[in-house]
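One structure is given below, encoded as structure tokens.
The values are calculated or read from the model by the stated rules, or taken from the named source; none is laboratory data. Everything numeric here is computed off the predicted structure, so don't read it as measured data. Don't worry about glycine lacking a Cβ; one is built from the backbone with ideal geometry, like all the others, and counts go over all protein chains shown.
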Amino acid sequence: MKSALLALLFLVACAPASAHGRRGGCPDTSAARVFLPWADPAWYTSVPDGGLEAGGAGWTLRGAATVVEGNEPFHVRAAGDSRTLALAPGAAASSPATCVGPGSPTVRFFVRSEQAVRTSLTVTVELTDPSGAVRSVPVGVIAPTTTWRPSPILPVVINAMALATPQQAVFGFTPQGAGTWWIDDVYVDPYGKG
């Protein structure tokens, strides 16, 4: 099993540029190197309304989760962007479903928190495979930061063999502890690193 996983990851990493037009069977989407200023050369594509500019269209907002005025200061998606997602204590938000395949190994976004201590942000991924089976697991815990920064690169793959065909992924964001969190510009890496 381990050798099969390594072989799959090698094939994804070594795919020729011409194979990068599709995300493992997912529809074509535009991609950009939005995290290149932070030494991440991967090409990323936005989840639906990942910049929240459509007011959170397709997002599921619970508790005190709201779309508010403001934006990450780097304006990686567009210079005129003016909205972001705010998550107060007790809130939670889930992105719209986005297609991921074997070449979509990571999720990344911009984040900041109100508190510098006693808080964290849990990120989960819920995958629905072609048979309709749903799996949800945490993919990362974000440490507090009072200034906007890119999140760490968070792996999406629950089971590389299960991602042999495209699946729908929903990303969940839940603050823990005190203080409000802000999230903006949520992207998946459709091609793998390199």
It is to be established whether one or more residues within region 99-120 are of a type in the set (G, A, S) and touching a helix residue (DSSP H, G or I) at 6+ places or on another chain (Cβ under 7 Å). yes
Selection count, region 34-49, where residues are in a loop (DSSP other than H, G, I, E, B) and in contact with a Pro (Cβ under 6 Å, 6 or more places away or on another chain): 2
Scan region 91-139 for residues that are exposed (fewer than 15 other Cβ atoms within 10 Å of the Cβ) and assigned to a strand (DSSP E or B) and jot them down. V134, R135, S136, V137, P138
Output for region 1-23, where each listed residue is surrounded by 13 or more Cβ atoms within 10 Å (Cβ to Cβ) and either over 17 Å from the mean Cα position of the chain (by Cα) or at pLDDT 90 or above (or both): L5, L8, L9, L11, V12, A13, A15, A19, H20, R22
Checking the structure you have, find out if any residue of region 56-70 is outside any loop (DSSP other than H, G, I, E, B) and either over 13 Å from I183 (Cα atoms) or at pLDDT below 95 (or both). yes
Looking across region 133-161 at residues that are under 24 Å from D184 (Cβ atoms) and polar (S, T, N, Q), the single one that is modelled with the lowest pLDDT is S136
Neighbours by Cβ (under 7 Å, 6+ apart or cross-chain): first from region 30-42, without any contact (Cβ under 8 Å) to a residue 12 or more places away in the chain; second surrounded by fewer than 16 Cβ atoms within 10 Å (Cβ to Cβ) and not aromatic (F, W, Y): R33/P41
